[in-house]
Amino acid sequence: MTDTPTPSPQNPPARLFALLPCAGTGSRAGTAGPKQYEPLLGVPLVLHTLAAFHAVARIEQVLVVVSPGDRFLSVDDPQTRLARCGGATRAQSVFNGLQALLEGVAHAQDWVLVHDAARCLITPAQIDALIDACLDDAVGGLLALKLPDTLKSETDGRVSATVDRSDKWLAQTPQMFRIGALQAALAARAASGFDGITDEASAMELAGQAPRLVPGSAQNFKVTYPEDFALAEAILKARP
């Protein structure tokens, strides 16, 4: 575990950046194109996600990582930047996006909040809660939800055991880590095709770190299946 850098003229206070991997195809969503561009209340899904991050004044810039040939999004906002460096996997897209941040205005000691583009119900308050919990943490952390349901293990289609859920959490995003530390953790697994990396926290865990768990919300789910779109729209309609 490393100590938090002390601000100085040579080592300025760490800034906050957001990174949205937005290069997936969403094959389980049953949509004609990428699910992140499907309309929700008449607006492409990813724009709801971006609006939440734009409402957090502490975030310096939001980097949206899209596929090289993706021309759906155009940006006319100094707080948002497109990087056409999306990879074949989410981990590759995040890794490429971190490099794009470092080649731009970010530094290794700055923070990055990596968030699924399809988690369009994230709120500014939840983003702020993660920042407040992790800003002085030596490692960083992630939004997560205590497992609410009974958990079963399975053998040949039948229950083989009931698993203790008292220490089980469902990982969500954003996940907030120092840019340099996360890039190094992913780089260590790049040669294996990022084997074992399912999210940023898992990369940090494999690097020997223990990310902080910050309580999230059941509404912060990732739109994955066809029925999720109607649920997301209902929640958005219910909000002020």
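The local environment of Gly42, defined by Cβ-Cβ distances under 13 Å, has a net charge of -1 under the rule Lys, Arg +1 and Asp, Glu -1. The DSSP beta bridges internal to the chain are antiparallel in roughly 50% of cases.
Would you mind checking Lys35/Lys146; Lys168/Lys222; Lys35/Lys168; Lys168/Lys237 for any pair whose Cα atoms are more than 21 angstrom apart?
Lys35/Lys146; Lys35/Lys168; Lys168/Lys237, as the Cα separations exceed 21 Å there.
Shape class of the range 122-240 from the Cα gyration tensor (axes a ≥ b ≥ c, square roots of the eigenvalues): oblate, since a/c reaches 1.5 or more and a/b does not exceed b/c. May I ask you to give the solvent-accessible area per residue for the range 144-194, in square angstrom, as obtained with a 1.4 angstrom probe? That works out to 57 Å² for each residue. Could you tell me whether the range 124-179 comes out rounded, prolate or oblate from its Cα gyration tensor? Rule is a ≥ b ≥ c as square roots of the eigenvalues, rounded for a/c under 1.5, then prolate if a/b exceeds b/c, otherwise oblate. Because a/c hits 1.5 or more and a/b exceeds b/c, the range 124-179 counts as prolate.
If you take every residue apart from Gln183 with its C-beta less than 14 Å away from the C-beta of Gln183, what net charge results, scoring Lys and Arg +1 and Asp and Glu -1? It works out to a net charge of -1. Think of it as helices only: each DSSP H run of n ≥ 4 in the chain is worth -39500 (n - 2.57), and spread over all residues that comes to -8500 deg cm²/dmol at 222 nm. The Cα atoms of the chain give a gyration tensor whose axes a ≥ b ≥ c have a/c under 1.5, which makes the shape rounded. Within the shell defined by Cβ-Cβ distances under 14 Å, the residues around Ser160 carry a net charge of 0, with Lys and Arg each +1 and Asp and Glu each -1. By a 1.4 Å probe calculation restricted to protein chains, Ser74 has an accessible surface near 110 Å², given to the nearest 10. The accessible surface of the chain, taken with every protein chain in place and a 1.4 Å probe, is 54 percent carbon and sulfur.
The values are calculated or read from the model by the stated rules, or taken from the named source; none is laboratory data. Remember, predicted model here, so these are calculated numbers, not experimental data. FYI the Cβ positions are ideal-geometry reconstructions off the backbone, even for glycines, and counts take in every protein chain you see. Remember, those area values only see protein heavy atoms, side chains included, never the ligands or the DNA or RNA. Shrake-Rupley method; radii C 1.70, N 1.55, O 1.52, S 1.80 Å.
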